[in-house]
Amino acid sequence: MRFLLFVFLLILGACTPVETYDVIVRGGTVLDGSGNPGYLADLGIRADTIAFIGDLSAAQSPIEIDATGKHVAPGFINMLSWANVSLLVDGRSQSDIRQGVTLEVMGEGRSMGPLNDLMKDNMREGQQDYSYEVAWTTLGEYLEYLEEKGVSTNFTSFVGNGTVREYVMGYENRPPSAAELERMKDLVREAMEEGAVGLSTSLLYVPSGHASTEEITELAKVASAYEGMYISHIRNEEDSLLYAIRELIDIAEQAKIRAEVYHFKASGQDNWDLLDSAITLIENARARGVEVTTDMYMYNASSTGLNVLLPSWAREGGHDLTMAYISDPVKKERMIREVNFHVPPEKILLVGFKNRDLRNLIGKTLDEVARQRGVTPAEAIADLIFEDDSRIQVVYFSMSEANIKKKLALPYMAVCSDAGSYTNEGVFLEQSTHPRAYGSFARLLSHFVREEKVISLEEAIRRLTSLPAENLQLKRRGWLKTGYFGDVVVFDASQIQDHATFEAPHQYTTGVEQVLVNGIQVIANGTHTGATPGRFVKGPGYKF
């Protein structure tokens, strides 16, 4: 009898189906995005979704990832990405995805749509090293085009007020008429319904900065109606930092909208002590219920155009008018006289030129080039911009390392690169770049978590994942939970390391061993698989 029972149990066991998954990540320490301590568990993925977290020792999968001794986290979210063009050139998004980034959030003040015919022509004519077809008109069409083309990371975008304003008013520096304002509001409404995550401004630049607080508030009200966010490169990050923070808070209060400060900082040594007051303004607003958050990159240097040192009147009409002013000896002399160095010339590094004959200057400081040419640094600015027929990309060493740690400690601080996502080969090597393009997220986990211990590893993962996902109100992203999309990073917390430097920025991060996007392996054992499973992640107002 016992023998028959034994045989029966064997047969029964043989007939019980083995549970299967498309991917199983085994034995890692799960950091689920909550900020809570990690726990040992397996993770099973079916299709594009996390199907189970727990003990999968009896389950099988054609793809088994051994995460023993490693950490398993949700894919990281880049709150300010300039990958909108680099992904058109190379969709592998290598400099970001090798750090664990699985979602690029684009559109700082300018977005890839909506475009009118003149804007399309300007986009085609303005192409330099990168060449791409402008095959879309609206922002939603661009994001769909990117998905059809095939990219490795997920992506989304804000709609930029600068783009909307240029569409309706060009570069005119005046208040809009009632009809023009309504047209801009219609364009924001269309972008929100196409899936934009909110409205962005970049108020240091034109034409975004031509908008008044009242104009921005009216556009933000439209985004708010679709549960979008207002996010801003504020009007001033230097001596008028507090005014600019107050403007953002006023817009958020009046429009009843969540708001975020792009790359929050106090720029220029004379302004470093303003950071404490700026934090107080934000925290007082949060205490009275205004949802204000911030993001940052992990370096004490920013990167933008050399032209931002020119007086505002020389920039407000756009690049072509700046070039015309430099051609006029009287205006050029005035322009040079009124250059404002918030960062000294010896701390301004030249990293990008349109004119190939000037690329031998890459890696030199403005001070070095001025002395080499026998002119003042202010004269060198005007001459270089004219010779290059561009704004010229530079790095400004303008921030305090102590302030970086102070900002990082803020519980509402997310993380960004403020850069494109590149491959360290081919056309991308024609120019230098800021090391944040290759290292911002890894530098957080290596330098500021492992070495400096500014925040815990668990808290750092929350800042990279669930915090931005909740701020953006994204569905099924930013956490390791059953039912959520399979955006997963497996990394070695003791080994993850950024290698990019200001002298040699095109160097990949190491220590990120596996990255899955929508359940598909994009990084396997530290190597890019070539897979392009990235999707257009729609904002909360998506209608189509």
Extension length gain for residue 133 and residue 19 (0.36 nm per residue less Cα distance), in nm, is 36.4 nm
The rounded separation in angstrom of the Cα centers of region 471-544 and region 34-104 is 5 Å
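If each residue of separation counts as 0.36 nm, what is the full-extension length gain between residue 375 and residue 359 once their alpha-carbon separation is subtracted? Don't skip to the end; give the middle numbers.
Values: separation 16, 0.36 × 16 = 5.76 nm, distance 1.91 nm.
Difference between extended and current length: 3.9 nm.
Taking the Cα centre of the chain as origin and charging only Cβ (+1 Lys, Arg; -1 Asp, Glu), how large is the dipole, in debye to the nearest 20?
On the way: 52 positive and 74 negative charges, 192 e Å.
Value, rounded to 20: 920 debye.
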For the chain, the longest principal axis of the Cα atoms and the Cα long axis of helix 178-194 enclose an angle in degrees, to the nearest 10, of 20 degrees
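Hey, got the dipole for region 430-544? About the Cα centre, +1 on K and R Cβ, -1 on D and E Cβ, debye to the nearest 20?
Details: 13 positive and 11 negative charges, 154 e Å.
Once rounded to the nearest 20, the dipole reads 740 debye.
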Under the 7 Å Cα-to-Cβ spin-label approximation, residue 141 and residue 256 lie apart by a distance in nanometres of 3.4 nm
Given a 1.4 Å probe, the accessible area of region 415-476 per residue, as a whole number of Å², is 30 Å²
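Please report, to one decimal in angstroms, the Kirkwood hydrodynamic radius of region 421-544 built from all distinct Cα-Cα pairs.
Details: mean 1/r = 0.0620 Å⁻¹.
Evaluated over region 421-544, this radius sits at 16.1 Å.
How large is Rg over Rh for region 105-252, taking Rg from the Cα atoms and Rh as the Kirkwood inverse mean of 1/r across Cα pairs?
Numbers: Rg = 15.1 Å, Rh = 15.6 Å.
When Rh is taken as the Kirkwood radius, the ratio is 0.97.
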At the level of C-alpha centres, the distance separating region 326-399 and region 126-198, in angstrom, is 31 Å
The helix 241-255 Cα axis meets the longest alpha-carbon principal axis of the chain at an angle in degrees, between 0 and 90 and rounded to 10, of 60 degrees
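Given charges of +1 on the Cβ of Lys and Arg and -1 on the Cβ of Asp and Glu, with all other atoms neutral, how large is the dipole of region 268-378 about its Cα centre, in debye to the nearest 20?
On the way: 14 positive and 15 negative charges, 106 e Å.
With Lys and Arg at +1 and Asp and Glu at -1, about 520 debye.
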Env charge @ residue 203, Cβ radius under 9 Å, K,R +1 / D,E -1, value 0
Carbon/sulfur accessible area of the chain, % of total, 1.4 Å probe, equals 50 percent
Rounded to the nearest 10, the angle in degrees between the Cα long axis of helix 275-287 and the longest principal axis of the Cα atoms of the chain comes to 60 degrees
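All other residues with a Cβ under 13 Å from the Cβ of residue 382 taken together, and with Lys, Arg as +1 and Asp, Glu as -1, what is their net charge? Don't skip to the end; give the middle numbers.
Details: positive: 315, 331, 332, 334, 337, 373, 391; negative: 328, 333, 338, 379, 383, 387, 388, 389.
Once positives and negatives cancel, what remains is -1.
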Simple spin-label estimate for residue 186/residue 117, 7 Å along Cα→Cβ, in nm, reads 1.8 nm
Between residue 331 and residue 286, Cβ-based FRET efficiency (R0 56 Å, step 0.05) works out to 0.80
Rounded to whole Å², per residue accessible area for region 322-365 with a 1.4 Å probe reads 53 Å²
FRET efficiency (residue 269, residue 367; Cβ distance; R0 25 Å; to 0.05) is 0.95
Set 70/407; 221/538; 405/453; 475/543, cut-off 21 Å on Cα-Cα distance; pairs above it are 70/407
Distance in nm between residue 427 and residue 405 label points, each 7 Å along Cα→Cβ, equals 4.3 nm
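For every other residue with a beta carbon closer than 14 angstrom to the beta carbon of residue 501, add +1 if it is Lys or Arg and -1 if Asp or Glu, then tell me the sum.
Details: positive: 436, 443; negative: 498, 503.
So the surrounding residues net to 0.
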With 0.36 nm assigned to each residue of separation and the Cα-Cα distance removed, residue 452 to residue 66 gains 136.1 nm
The set of residues whose placed amide H lies less than 5 Å from the amide H of residue 304, leaving out same-chain residues fewer than 5 positions away, is 394, 396
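Before anything else, pin down the relative contact order of region 66-194: Cα pairs under 8 Å, at least 6 apart, normalised by residue count, whole percent.
Numbers: 163 pairs, mean separation 36.9, N = 129.
After rounding, I find 29 percent.
The values are calculated or read from the model by the stated rules, or taken from the named source; none is laboratory data. Values in this document were obtained by computation on a predicted structure and should not be read as measured data. Backbone-built Cβ (ideal geometry, glycine too); neighbour counts: all protein chains shown. These area figures cover heavy atoms from the full protein model, side chains too; ligands, DNA and RNA do not enter into them. Shrake-Rupley method; radii C 1.70, N 1.55, O 1.52, S 1.80 Å.
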